[in-house]
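Let me begin by presenting the structure, written as structure tokens, before commenting on it.
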Amino acid sequence: MPTKVLIHINRMFFRFIWKKKSCNKRAFEKVKRKTVCNETKNGGLKMFNIVDIQSAAYIHWAEALLTGEEEEWKKWARQALKPLGAEAAFLCTNEKVRGLDKKNLILEKKVTTTWVELNDNNEHQDFYNQPLFDNKHLAYNDNSLYIKQCIDKNIIYVKDVLQGNNFISLEQYVLQTGPYPGSQMDYNLLRSVVLREKKKRAVLTSAGAETRVLFKGQKLGKLKRKGILKLITPVEKPLTLNLWKKKIQ
């Protein structure tokens, strides 16, 4: 459902809470919505936020894709996400995830953009398993990289362009991607950005380390929608609670 529609529905729900029965005037919300959504023990009413519920559904879709047994729909989903590097799409750190811009893949776009907006785990991914593209840490003039020819040939992670501690040669690069116009320029750009970031990293894990996709530091597979909703819904205690605590102390 479009975000604008969800925001409108949210507004109707929250106004209903504060609206007086005998008056049709616009309701004045006396408490922050985040506080109202808290558990009762934290001063809230356990109110639900429609926007957060839809976001949790998107993240749960990604969790189902990345974990569990293989199913037919997952093959179609990975094929749709291939322009982003399939599973590597969930390691992106760039706010704008490219590759699906010109494709009519509404669900996939929503899932990947929601994941990147809400997830903060990718900041801690080790260097060798960093995605090469849509990664704000691997950028040139503040613009993250995106080379479709590399993604098409499964050159997706930093470890795919390194041999030990050395960057692959131009000949090896062209051999893997196939010759195309601008291949040397792309190679030089990629080499420059990767080696520059490599120098900044004090600790480099083994190139054979497993790439782990986490959501807010949590392993995928057992979060489900309720668990995801708790992770993305911040707890904001009412100011009055802090005020009374100070007075008592």
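What follows draws every value from the coordinates through simple rules; no lab data is involved. These numbers come from a predicted model, not from an experiment. Reconstructed Cβ throughout: ideal geometry from the backbone, glycine too, with neighbour counts over all protein chains shown.
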Table column - 3J(HN,Hα) (Hz), the stretch 184-198, Karplus curve with 6.51, -1.76, 1.60, x for Gly and Pro: 5, 5, 5, 4, 5, 5, 4, 4, 4, 5, 5, 5, 5, 5, 4
Estimated Rh, the stretch 50-120: Kirkwood, alpha-carbon pairs, angstrom: 12.4
Amide H contacts under 5 Å for TYR157, placed H, 5+ residues apart: LEU132
Given LYS110/LYS226; LYS74/LYS226; LYS32/LYS222; LYS4/LYS222; LYS153/LYS224, the pairs whose alpha carbons are separated by over 25 Å: LYS32/LYS222; LYS4/LYS222; LYS153/LYS224
Per-peptide average of other Cβ atoms within 10 Å, ordering 48-58, 30-40, 170-180 highest first: 48-58, 30-40, 170-180
Overall dimensions of the stretch 126-211 as given by Cα atoms, namely Rg and Dmax in Å: 12.2, 36
